[in-house]
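What follows is a short report on a single structure.
The values are calculated or read from the model by the stated rules, or taken from the named source; none is laboratory data. All values reported here derive from a predicted model rather than from experimental measurement. We place every Cβ from the backbone using ideal geometry, glycine too, and count neighbours over all the protein chains shown.
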Amino acid sequence: MITLAKVRCVTAAASSDADLISAHAAGDPYAFSELVKRHRDRMWAVALRTLRDPEEAADALQEAFISAFRAAASFRAESQVTTWLHRIVVNACLDRMRRRQTRPTVPLPEAGPGEPVAPRDAMSDRETSLMVQQALMELPEEQRAPIVLVDVEGYSVAETAQLLGIAEGTVKSRCARGRAKLAKVLGHLRNRIADANVPADGVNVQEQRQWEGR
Amino acid sequence: MTGMERVPMGPPWSVDLIADLHAGVLPPEVAAQLRPRVEADPEAREVLQALDATLADLEALPPIPMPDHVAARIDAALAAEARPAAPVVSLDEARKRRNRRLGLGGGVLVAAAAAFGVVFAVSPGGQQANTPGDAAPAPTTNSNVSAPLSLKRDELGSAVGEVLKAQNYGPLETPDRLAGCLKGGGITSSGNPLGISPINLEGKDAVMAILPAGLGKYRLVVLDPTTCGPDQPAGVLADTTVGQR
């Protein structure tokens, strides 16, 4: 019979992530929940921004945390706990993306693609982030995932390559393509500069036409 | 001179090429030669600035906190996951842990809890089984000792994480009494609750039970232990479902 008296309960705020993982492996039933509590907002942002659908994001996170819970006992601290947990979450999101048969189009509700809704300096921060968020949702998944990780969440190219299981060069070039599209949609590229070289991908057709007269 | 011929001619250069340069995609020797030429061209420089502005927009995106109902659902799933592995523990140890989580000093509470000397086993099904020859159930007054969660009617969901960790019938004392109270409220539930704990609902001592309600959903039932029973629908103080819509 195991009693919890011998189990170190380290769910205090001061514990490191690695302490929590060890405590979980040693049988502390609350350590893993505490770990999840610490990271869930960031993971939620990644899942939601990657998958776009809140229900799917919640499903993916639940699946990811359960599988992390089961795997945590064998976790070895060769990688950062956060990276490890993130990898599991990103993989769960990627799995869902792959399983998804169709990719629903999320239209920009207030303005057509490529029509900046207002002069940028006249917009509030909130409006800007809404517009950026919407523009991000329009990117193809293969570009959105690296952009979310590198540009929004601040992961390094190397970490992102590891998380997504692709080469660093691929991360960079997908980020480059995605940023070029976003620069157009967000109105940073003035019409006379934006040439027809950014592929439309069925998203920015209107915008493409608009700029063709250059 | 190697690689010289691979440096794209321009201006003008395509936005994609400038974005590649900006993102570090190009081989270093190509980038080294292209960069000064791109930076010398006003149009290309504007593209670089547009890419920088795009990066700044992305970096400035605000964090998105996880909604409470998603957090509750994940807590519940993890608690359910933790349960089969839960070892047999003595009640006073369980109370000590709970008190620690509530951030309370252990001493006084441990002394009170030690008076129980009751041992319960948590089986994989999440059932609470009293050991043979067990002492009488704890007197209700002692349930106050562990400072039940104080909740308002509209914030029941916030207690899900805590209650799921508990199998404390409090003043209801037994699964049979719980079943009777649920029946009184017309609530059918097979098996034991996922979690149960005494709470304080808007100043009134009560017991919250969490019942499964389909995939990713939890039915929160708050019972008045003094009035609820098989023929007492009024004993159900609150009944709500949380989780996935």
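Assorted remarks:
- Selection of strands (runs of 3 or more DSSP E) fully inside the range B:152-245 by the criterion of at least 2 residues being within 30 Å of A:Ala60 (Cα to Cα) and among the aliphatic types (A, V, I, L, M) returns B:204-212, B:217-223.
- Against the test of being basic (Lys, Arg), crowded, with 16+ Cβ neighbours inside 10 Å and either farther than 17 Å from B:Gly161 by Cβ or at pLDDT 85 or above (or both), the options B:Lys204, B:Lys183 yield a single qualifying residue, B:Lys183.
- Restricting the range A:41-52 to residues that are in contact (Cβ under 8 Å) with a residue 24 or more places away in the chain and within 20 Å of B:Asp68 (Cβ to Cβ), the residue that is farthest from the other protein chains (Cβ to nearest Cβ): A:Leu51
- The residues in the range A:50-64 that are in a helix (DSSP H, G or I) and at pLDDT below 90 can be counted, and the count is 2.
- Residue tally, condition of a type in the set (Gly, Ala, Ser), surrounded by fewer than 24 Cβ atoms within 10 Å (Cβ to Cβ) and at the interface with chain B (Cβ under 9 Å from one of its Cβ atoms), over the range A:165-186: 2
- Among all positions in the range A:181-195, there is no residue which is within 19 Å of A:His86 (Cβ to Cβ), at pLDDT 85 or above and assigned to a helix (DSSP H, G or I).
- Residues located in the range B:10-34, provided they are within 20 Å of A:His188 (Cβ to Cβ) and not in a loop (DSSP other than H, G, I, E, B): B:Val15, B:Asp16, B:Leu17, B:Ile18, B:Ala19, B:Asp20, B:Leu21, B:His22, B:Ala23
- Residue among A:Pro107, A:Pro140, A:Pro146 that alone is more than 9 Å from chain B (Cβ to nearest Cβ) and either at pLDDT below 90 or out of contact with any Lys or Arg (no Cβ under 9 Å at 6 or more places or on another chain) (or both): A:Pro107
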